[in-house]
Amino acid sequence: MNALTRLMSSFVLSVAAFAWTAPVFAEGILKVALSSNLNTLDPAKTKLGDEYVVNFLVYSGLTGLGPNGKLVGDLAESWSSSEDLKSWTFKLKPGVKFHSGKALEAEDVKATIERIQDKATGSVARANFLIVSAITVVDPSTIKFDLSIPYGGFAELFADRQVRIVPRDKLDSIASKPDGTGPFMFESFRPGQDVKLVKNPDYFTQGLPKLDGVDLRIMPEAAARVSAVSTGEVDLVWDIPPEGIQQLQDSSDVIIDSVATSSWDGLIMNNAIAPFDNQKVRQAIDAVIDRAAMVEFALFGNGTPTLTMIPPGHPYYNGDIAFPAPDIEKGKQLLTEAGFPDGFETTLYVPSGRPPKERLGLAAREMLAQIGIQVEIQTVPWDKFISDIEGKAAFYVDGFYSRPAVDPSIYPWFHSTGSWNSTLWNYKNLQIDELLDQARAATSDDERARLYKDFQALAMENPPSVIPYVVNHANAVRSTVKGFKSSPMMWLDLRETTVN
């Protein structure tokens with residue numbers, strides 16, 4: 001029995017004792033449990049998954065993703081590009097109104113993107129729009145973007161979480177009084193308690209939404225969320241953790257609706273800090289990570305082993321690469337070549353209150369001990385993890401949500417100029433830079449697929465860190481809820497949803 005098997009066999013899943021209460025019903029109001037308090041209601045500044053839920057319900061983007069993951073129009077009726085892919089023109093749908101009653105115009109789109117581009121705004125979406133050199137309002141329903149580089153996936157950027165179109169005359173008030181064009185309108189927010197939304201009667205898609213409103217309840221304790229959906233206190237638990245899935249899998253009243261995503265967790269190594277600045281050290285760590293065992297131990301099977309954040313099953317996934325099996329002897333040899341024949345000691349920082357990430361850290365400690373790397377785990381509260389560990393420590397566990405397309409999923413992390421690269425692992429690979437730049441300018445899907453498959457091969461040869469798996473996104477839904485499907489982007493699409 002190896003070390004990881006012993007760890008897994010000794011790991012006991014504790015199920016909290018739930019306080020069972022009588023169900024609460026409200027006709028046409030869907031009650032949803034979220035896990036975290038919302039720090040902001042300003043879509044451009046959101047960073048948490050729970051905040052993204054509000055973004056999608058209250059606001060709209062120029063584009064969106066359909067059920068099959070394909071790009072579709074949202075506020076944009078159509079779009080086109082110049083032959084050199086450096087100029088993009090979007091035509092807005094007619095008759096769209098903000099919740100305040102003001103008509104949507106191209107000037108609102110211009111103001112939204114310019115605000116995201118402004119460094120003072122602090123939007124994580126800013127990096128994606130630095131390539132925009134000029135924004136021109138052609139007429140009230142037409143807007144044109146000129147780019148500094150050719151970019152075939154530009155329209156996909158507008159489907160991202162923070163790129164929600166806001167009214168140009170409400171930029172100073174949307175953080176406290178959201179005003180969007182989405183299917184639901186903001187009614188109230190009690191920090192730490194709930195967000196209440198009501199149906200938008202003037203939503204631009206006729207007949208939607210079907211619900212009268214949505215009550216988003218903030219419930220930090222996982223056991224409380226599981227209990228609430230079990231008893232009917234809430235109708236849906238958004239992003240239920242693996243522990244909750246296990247507890248509810250035999251319920252006759254609750255359905256687990258799960259979907260594969262490209263969201264991922266990883267062992268982050270800062271390539272600018274020794275010993276992780278040594279490529280052979282990173283290769284040694286990658287060589288001994290058992291990806292399949294990680295999925296079972298950290299996620300209880302609710303994920304998929306992967307090479308990079310491009311998930312197996314995606315058309316750009318490189319299935320020609322032999323999937324890496326853990327190789328202890330190879331890991332020892334690489335450490336010896338790196339100058340660490342006896343291994344070394346290091347600290348791995350893990351965010352507390354994120355059980356899958358905590359379990360990933362435990363599994364990594366056992367795996368790395370097999371090649372002499374002695375890992376001390378330090379758990380850090382989430383707020384301190386974000387402020388003191390992420391982007392600063394040498395070795396830690398972190399994770400990131402799916403992006404709407406492959407380029408924004410990869411470029412910010414792997415290109416040497418990428419925003420997340422400079423924040424996380426400071427990785428530089430000129431061959432990868434060239435491939436990712438070419439992929440942005442590619443004019444055909446076949447060409448993009450070839451380039452991204454080549455990227456995966458290079459990333460496996462010289463890994464910046466270890467991405468062991470992509471995670472499934474699951475929601476716990478009571479059987480009284482109809483018309484709901486989980487999204488690979490992990491947002492809540494409740495337009496077609498009803499509740500009895």
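Give me the residue from region 389-410 that is over 18 Å from residue 422 (Cβ atoms) and open to solvent by less than 10 Å² (accessible area, probe 1.4 Å) and, out of that set, modelled with the lowest pLDDT.
So in region 389-410, the residues over 18 Å from residue 422 (Cβ atoms) come out as 397, 399, 401-402, 404-406.
Now drop any that are not open to solvent by less than 10 Å² (accessible area, probe 1.4 Å), which leaves 397, 402.
Details: 397: 98, 402: 90.
Ranking the candidates gives 402 first.
Would you check which residues across region 248-284 are in a helix (DSSP H, G or I) and within 30 Å of residue 375 (Cβ to Cβ) and list them?
Within region 248-284, the subset in a helix (DSSP H, G or I) is 248, 279-284.
Selection gives 279, 280, 281, 282, 283, 284.
Just to check your reading of the model, which residue among 412, 356 is touching a Ser or Thr at 6+ places or on another chain (Cβ under 7 Å) and assigned to a helix (DSSP H, G or I)? Write out each step before concluding.
On the way: 356 fails: touching a Ser or Thr at 6+ places or on another chain (Cβ under 7 Å).
412 is the lone residue from the list that is touching a Ser or Thr at 6+ places or on another chain (Cβ under 7 Å) and assigned to a helix (DSSP H, G or I).
When you go through 298, 293 one by one, which is the residue that is surrounded by 20 or more Cβ atoms within 10 Å (Cβ to Cβ) and within 19 Å of the chain's Cα centre (by Cα)? Give the steps one after another, and end with the answer.
Numbers: 293 fails: within 19 Å of the chain's Cα centre (by Cα).
It is 298.
Condition first: more than 23 Å from residue 469 (Cα to Cα) and of a type outside the set (Asp, Glu). Now tell me which residues in region 248-275 satisfy that. Explain how you work it out, then say what you get.
The initial filter retains those residues of region 248-275 that are more than 23 Å from residue 469 (Cα to Cα), namely 248, 250-255, 272-275.
Of everything in region 248-275, those that are more than 23 Å from residue 469 (Cα to Cα) and of a type outside the set (Asp, Glu) turn out to be 248, 251, 252, 254, 255, 272, 273, 274, 275.
Given the structure, is residue 350 open to solvent by less than 60 Å² (accessible area, probe 1.4 Å), more than 28 Å from residue 456 (Cβ to Cβ) and aliphatic (A, V, I, L, M)?
Numbers: open to solvent by less than 60 Å² (accessible area, probe 1.4 Å): yes; more than 28 Å from residue 456 (Cβ to Cβ): no; aliphatic (A, V, I, L, M): yes.
Taking the combined requirement at face value, the residue does not satisfy it.
Go through region 470-490 and count every residue that is open to solvent by 20 Å² or more (accessible area, probe 1.4 Å) and on the phi < 0 side of the Ramachandran plot.
9
Pick from region 187-218 the residues that are more than 23 Å from residue 500 (Cα to Cα) and surrounded by 17 or more Cβ atoms within 10 Å (Cβ to Cβ): which of them is farthest from the chain's Cα centre (by Cα)?
204
Among the candidates 319, 361, which residue alone is buried (at least 19 other Cβ atoms within 10 Å of the Cβ) and out of contact with any Asp or Glu (no Cβ under 7 Å at 6 or more places or on another chain)?
361
Check whether at least one residue in region 117-124 is out of contact with any Lys or Arg (no Cβ under 7 Å at 6 or more places or on another chain) and surrounded by 18 or more Cβ atoms within 10 Å (Cβ to Cβ), and report yes or no. Full working, then the answer.
Start the filter on region 117-124 by keeping residues that are out of contact with any Lys or Arg (no Cβ under 7 Å at 6 or more places or on another chain), which leaves 118, 120.
From the residues that got through so far, the ones that are surrounded by 18 or more Cβ atoms within 10 Å (Cβ to Cβ) too are none.
No - not one qualifying residue is present in region 117-124.
Identify the single condition in (1) at pLDDT 95 or above; (2) surrounded by fewer than 22 Cβ atoms within 10 Å (Cβ to Cβ); (3) more than 18 Å from residue 442 (Cβ to Cβ) that residue 67 does not satisfy, given that it satisfies every other one.
(1)
The values are calculated or read from the model by the stated rules, or taken from the named source; none is laboratory data. The structure displayed is predicted, hence computed values, not measured ones. So basically every Cβ, Gly included, is an ideal-geometry build from the backbone, and we count neighbours across all protein chains shown. Keep in mind that these areas ignore ligands, DNA and RNA; they rest on the heavy atoms of the full protein, side chains included. Shrake-Rupley method; radii C 1.70, N 1.55, O 1.52, S 1.80 Å.
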